[in-house]
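Read through the structure below, which is laid out as structure tokens, and then see the notes.
Every number in this text was worked out from the coordinates using simple rules, so none of it is lab data. Here the structure is a predicted model, which is why all the values come from computation and not from measurement. When we count neighbours, we look across all protein chains shown, and the Cβ atoms used for this are built from the backbone with ideal geometry, even at glycine.
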Amino acid sequence: MVWLHTPPTEILNFYTLKSSQSYFLNTLVHELKHSLSIALKHFLPLASTITFPLTSAAMPVSRYTAGDSVSLAIASSDADFANLTANHSKVADEFHQFLPEMPPEVFHSDRIEFKALAIQVTLFPNKGICIGLKHHHAICDATTLFAFLRAWASIHKSNAGGEYSLQDSLPFYGRDSVQDAKQLTKSSWNLIKTKKPILSQTISFPLNKVRATFILTTDQINKLKNSSSGPTSTFTAVSAHLWTCLAASAGESVPDDEPELFGSPVDCRGRLDPPLPENYFGNCLIFFMASSTHGVIKGRGGFAAAVAAISAAIRETVGNEKGILDGFENHLKDLSEYEGKRVVLIAGSTRLDPCAADYGWGRAVKYECVHTDYDGAVNLCKGRDGGVEIAMSMTNIKMDAFAHVFHHKLYSISSNL
């Protein structure tokens, strides 16, 4: 429920495929639709209707009934596929045409009804295909969404008729496995029920932003870890480098005593009591927030300070002896306190592999988390060829400044080891 007041997520996966428009329309679209329909039978909540009550004492529900469906748009584009799938800076506006429109919400006197997912498949004739999704985060998190994409891809790769293996993609729906002794469901609903859900983004073009992806190789990540004073996880090392680079590239207008915050979601599935399986369908996330000051994070010892701050915040959340949900009832109130402050928010995770879904065309050659155009979050995920990808959206001037600091700091670390 706590995700009802966040806008839908928007993601794109680009695949290299030399398909003519006639083959795409006459054959491939039919195969994609057929395999999608089979995949959705395993992931029925994605085709469901979410109901948000307005007047009754009831809570929000997701309900699938016979006849419910997912909107699938088919499109063609003559845009520069090679440019879109490159890591260098590209105009952010260009990516939004590959996203689907969510079906319009339906307003009743006592409730609002809206869909959980929409999909668009765009052909770049004889170059590639883009699969774009909008999904409301209230229905599931990225772990579940990527499992659905892997299932769809596996079924399609088998030509939707032969044998296919869903492996770890099939979802677990054991809601009874979630313990709520502290009645967090009720307290969360009491906090959010007076606000209507956010069902769309407000778009005003031009966005005046560029999108770019920065790669940290496994070797570079290991050098970052080795420059720390103690054992450091990949996530912490990557996040600390990102945080210090953003602070150092901010210019001289930010006072040294300005608070610097760094927040990220943490997957709770294996950390609940009792633990949930990795394929649990839904949302199982909690946020941690690390804090420091601008002068410390951008300074000479900024990386070590960032590692220490992030590590401490993770210990306080994940390592809480009272359980990872301790204090969750204050979660929504806490997040509101950070509005207007210097906050680096993470979308995704260094453990997630958004390019893994293979429809028979190989792994995706590029992944874009488009909704970061609006919220300013930084997307982290596994690199297509190893390592970690850091994808950002900001003004061209800020992106150039960040890129300079990002590469300079990596060079300095390599030189000092």
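Data table
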{"item": "Mean shadow area of segment 295-417, taken as a quarter of the surface of its Cα convex hull (nm²)", "result": "11.1 nm²"}
{"item": "The chain: proportion of alpha-carbon pairs further apart than 33 angstrom, %", "result": "35 percent"}
{"item": "Dipole of the chain, positive direction: furthest Cα of ALA401, SER22, PRO100, with charges on the beta-carbon", "result": "SER22"}
{"item": "Cβ charges +1 (Lys, Arg) and -1 (Asp, Glu), total dipole of segment 210-416, debye", "result": "580 debye"}
{"item": "Burial order of peptide ranges 297-307, 126-136, 188-198 (average beta-carbon count within 10 Å, highest first)", "result": "126-136, 297-307, 188-198"}
{"item": "The chain: DSSP helices with Cα axial extent of at least 24 Å and average Kyte-Doolittle hydropathy no lower than 0.5", "result": "none"}
{"item": "Positive-end residue of PHE328, PRO354, SER292, charge dipole of segment 289-356 with Cβ unit charges", "result": "SER292"}
{"item": "Angstrom value of the Kirkwood radius, inverse mean 1/r, which spans all Cα pairs in segment 9-192", "result": "18.5 Å"}
{"item": "Beta bridge orientation in segment 292-417: antiparallel %, DSSP, nearest 5", "result": "50 percent"}
{"item": "Dipole magnitude of segment 9-192 about its Cα centre (Cβ charges: Lys, Arg +1; Asp, Glu -1), debye to nearest 20", "result": "280 debye"}
{"item": "Protection proxy ranking of 344-350, 26-32 - average other beta-carbon atoms within 10 Å, highest first", "result": "344-350, 26-32"}
{"item": "Rounded, prolate or oblate (a/c below 1.5 giving rounded, otherwise prolate when a/b exceeds b/c) for segment 1-111 by Cα gyration tensor", "result": "oblate"}
{"item": "Ordering of 78-90, 171-183 by packing [mean C-beta count within 10 Å, highest first]", "result": "78-90, 171-183"}
{"item": "Dipole moment magnitude, nearest 20 debye, the chain about Cα centre, only Lys, Arg, Asp, Glu C-beta charged", "result": "340 debye"}
{"item": "D (Stokes-Einstein, µm²/s), Kirkwood Cα radius, segment 210-416, 0.692 mPa s at 37 °C", "result": "182 µm²/s"}
{"item": "Per-bin percent of Cα-Cα distances, segment 69-129 [10 Å]", "result": "19, 38, 24, 14, 5"}
